[in-house]
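Quick note: the coordinates plus some simple rules give every number you see, no bench work behind them. Note that this is a predicted model, so its numbers are computed, not measured. So basically every Cβ, Gly included, is an ideal-geometry build from the backbone, and we count neighbours across all protein chains shown.
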Amino acid sequence: MSEAGYADANGLRTYWETHGHGEPVLLLHGGFEHAGALPHLTAALAARYRVIEPERRAHGRTPDPGGDLHYEAMTEDTLAFVNALGLARPRVVGFSDGAIVALLLVLRRPDRCGRLVLVGANYDGSGLRLGFLRLVTETPLEHVFPELAAAHRPLSPDCPQHYRHVFERVRRLLGGGAAHPARRAGARRLADARAGGRQRRGDGGAHGRALPRAARRAAVHRAGGLARRADGAARAVRSGDRGVPGGGG
């Protein structure tokens, strides 16, 4: 069963979708993506859980409130969304920027998060690969993730051309480097703070292809080991303990 609607999260009219039945799993999409961008993972999780996919500010059908995009603001929005839906301690799965938001969420409010699976996260932006940084900071806009721009245009409540304004701010966000908020928050202590106290690193080289196809390897981190497919990510949510990030980007 699938449903869609809007919730007031921190004063922001936030679009969200839900799929499946069972205990809630909050699925956080990547930068410049939208709910439904990870269909294979959604399907694998929805076979057992109620998958809840909110769209962050200026992404998908959630409007752009203006100003710079910051991970801290998106984390506050996500916490407000969890509160708006009355979710107690949902399991959280995040991809890319969504994984960074999930990381900040559990650092800020560990009492509000259940098990945690992070895909393609980083807690220190200085570790991002040079080729990726050049792609998002130097490449002409029309050549950077054109499929994401094409998906964004018909969904945006602002206007079809608004994606250019959004992408430039996402570009600045991704190029933040050493100013990464998770680094300032001391995210390296997360492994010791969570049950198990271990980190597993995935293959950062496949970051952009981590989850769209179930047959491809996914850099999914969890205390019990490395899941390698979308169905493996679903198993990571329900087994072991809270995952912690290795290297992303």
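Tabulated results
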item	result
Whole-Hz couplings from phi, Karplus 6.51/-1.76/1.60, listed for the range 67-82; x for Gly and Pro	x, 6, 8, 10, 4, 4, 5, 5, 5, 4, 4, 5, 4, 5, 5, 4
Cβ-based exposure ranking for SER2, SER96, SER156, in which fewest neighbours within 10 Å come first	SER2, SER156, SER96
Pairwise FRET efficiency - LEU130 versus GLU3, Cβ, R0 = 41 Å, nearest 0.05	0.45
Relative exposure of VAL170, VAL101, judged by other C-beta atoms within 10 Å (fewest first)	VAL170, VAL101
Largest to smallest principal axis extent of the C-alpha atoms in the range 54-108, angstrom	30, 21, 18
Shape box of the range 129-168 [Cα atoms, principal axes, largest first, Å]	34, 16, 14
